[in-house]
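Comments concern the structure below.
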Amino acid sequence: MINLPLKGIKVLEFSQYLSGPSAALRLADLGATVIKVERPGTGDAGRKLAIKNLWAEDGNSLLFHTINRNKESLTADLKNADDRQRIETLLADTDVLIHNFRPGVMEKNGLGYEDVRKINRRIVYGEISGYGKEGPWKHKPGQDLLLQSVTGIPYTTGNGDNGPVPFGISVGDIFAGQHLVQGILAALIRRQKTGEGALIQTSLMESLLDFQFELLTTYYATGKQPQRSVINNGHSLLGAPYGLYKTKNGFIALAMMDIYQLADAIGCEAIKQFGKEEGFSKRDEIKKILGEFFLQHNSEVWIDYLHEHGLWAMEVLDWEKMMQQPSYKVLKMEQEITANGKKIITTRCPIRINGGMITSSKPAPAVGENNL
């Protein structure tokens with residue numbers, strides 16, 4: 001049995017969809033008691049956000065259960081005096097408040113940081129917005145694809161002769177949630193020492209800009225946006241052979257390596273016409289030669305050659321193939337929760353404490369399940 005480090009910490013979560021709930025989920029996995037404060041009747045709008053039209057038996061989306069498991073639910077109409085009083089009573093001994101509403105929404109409801117601080121000076125108040133609290137975009141919808149688009153992310157993936165290619169997952173929501181958790185944990189440590197609470201803020205835009213620190217630092221220094229490889233792109237700042245390559249039966253990934261060592265490992269003399277220092281300046285020419293060369297054999301053959309020579313390469317796997325790998329199975333990343341009698345398999349918390357895995361079989365709560 002793991003002694004979870006946040007046991008005894010109470011969190012009130014005024015959040016919906018992904019970013020705020022993902023932050024609260026991580027705190028719940030680490031032992032905190034997380035109470036979702038939801039709208040009476042409908043609850044978190046994420047309950048009806050279904051991916052591939054997958055639903056649990058309780059009428060909530062499968063996605064909702066993956067990100068709101070291990071929590072409690074309390075309904076409250078913040079415009080109702082009695083409900084407001086209940087929330088204020090809870091806030092008096094709450095450790096952390098999380099919300100991901102647009103700037104001004106919590107203040108309008110009398111629950112902005114300064115309002116809550118008057119009730120509880122030790123509160124760690126965490127908020128996620130789309131674009132920050134200032135500037136002309138502050139009231140724009142903070143949706144992940146929109147934030148990826150305005151921060152240049154789609155010009156970091158795909159090949160240079162493609163149009164923009166976004167990430168296939170909600171990276172802005174996920175990173176913002178984890179950044180908020182980092183700030184909250186830091187504030188809780190300081191509070192333990194000083195008794196002082198804190199306002200912790202981040203946004204999807206700031207998180208996605210931080211995500212690109214390598215590329216943006218290069219741009220700040222040169223004034224030129226790094227360009228993707230025309231083919232087999234992997235990282236716009238790295239030269240050949242870095243990238244993905246099609247083989248006779250699939251794809252392989254090559255990381256950083258000396259092109260002469262690569263030539264010897266796979267028997268491709270043609271790339272030795274390039275100087276070692278031309279891995280970046282001639283990367284498209286080198287990658288074109290390699291792209292044609294790798295079509296001769298199956299992925300497994302190439303990986304064996306590359307690994308025999310100590311070069312960094314792996315096969316590109318889909319989830320079916322990945323789950324057959326012993327290296328996946330040994331991690332035991334799957335956990336089972338049960339909602340209304342239906343078993344749902346999802347991922348566990350990726351953190352281990354003293355060697356122990358953190359799991360929880362508790363499903364997402366029904367709307368208002370834990371009303372007082």
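The values are calculated or read from the model by the stated rules, or taken from the named source; none is laboratory data. Remember, it's a predicted structure, so these values are computed and weren't measured experimentally. A quick note on method: Cβ atoms are made from the backbone with ideal geometry, for glycine too, and the neighbour counts reach across all protein chains shown.
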With the checklist (1) out of contact with any Gly (no Cβ under 8 Å at 6 or more places or on another chain); (2) charged (D, E, K, R); (3) under 20 Å from Ala176 (Cα atoms) in hand, flag the one item Asp77 doesn't pass. (3)
Examine segment 275-283 for a residue that is closer than 30 Å to Gly59 by Cβ, small (Gly, Ala, Ser) and either at pLDDT below 95 or in the same structural domain as Thr33 (by TED's automatic domain parsing) (or both), and state whether such a residue exists. no
Let me confirm something: among Leu91, Leu30, Leu111, which residue is crowded, with 23+ Cβ neighbours inside 10 Å, closer than 29 Å to Lys193 by Cα and in contact (Cβ under 8 Å) with a residue 60 or more places away in the chain? Leu111
Does Asn120 satisfy the criteria of being touching an Asp or Glu at 6+ places or on another chain (Cβ under 8 Å), crowded, with 16+ Cβ neighbours inside 10 Å, more than 17 Å from Ala23 (Cα to Cα) and not aliphatic (A, V, I, L, M)? yes
Could you grab the pairs with beta carbons closer than 7 Å, sequence gap of 6+ or different chains, first residue in segment 211-234 and under 14 Å from Asn162 (Cα atoms), second one of a type in the set (Asp, Glu)? Ser229/Asp284; Val230/Asp161; Val230/Asp284; Ile231/Asp284
Which members of segment 159-182 meet the condition of being at pLDDT 95 or above, of a type in the set (Gly, Ala, Ser) and within 21 Å of Tyr219 (Cβ to Cβ)? Gly172
Do we find a residue being of a type in the set (Gly, Ala, Ser) and either under 30 Å from Gln227 (Cβ atoms) or modelled with pLDDT under 95 (or both) anywhere in segment 318-341? yes
Using beta carbons and a limit of 7 Å, which pairs, at least six apart or on different chains, have the first residue in segment 271-293 and of a type in the set (Lys, Arg) and the second one not in a loop (DSSP other than H, G, I, E, B)? Lys272/Tyr260; Lys272/Ala263; Lys276/Ile259; Lys276/Tyr260; Lys287/Gly243
Selection status of Leu254, over 23 Å from Gly158 (Cβ atoms), in contact with a strand residue (DSSP E or B) (Cβ under 9 Å, 6 or more places away or on another chain) and hydrophobic (A, V, I, L, M, F, W, C): no
Suppose we filter segment 258-311 for residues that are closer than 11 Å to Pro241 by Cα, of a type in the set (A, V, I, L, M, F, W, C) and assigned to a loop (DSSP other than H, G, I, E, B); how many remain? 1
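Restricting attention to helices (runs of 4 or more DSSP H) lying wholly within segment 10-100, give those where 3 or more residues are at pLDDT 95 or above. If you could, list the steps in order and put the result at the bottom.
Details: elements: 19-29, 62-68, 81-91.
The qualifying helices (runs of 4 or more DSSP H) are 19-29, 81-91.
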Scanning segment 163-195 for residues that are in contact (Cβ under 8 Å) with a residue 60 or more places away in the chain and not in a helix (DSSP H, G or I), the one surrounded by the fewest Cβ atoms within 10 Å (Cβ to Cβ) turns out to be Gly195
With the condition kept exactly as written, say whether any residue in segment 198-206 is outside any loop (DSSP other than H, G, I, E, B), acidic (Asp, Glu) and under 30 Å from Ile98 (Cα atoms). yes
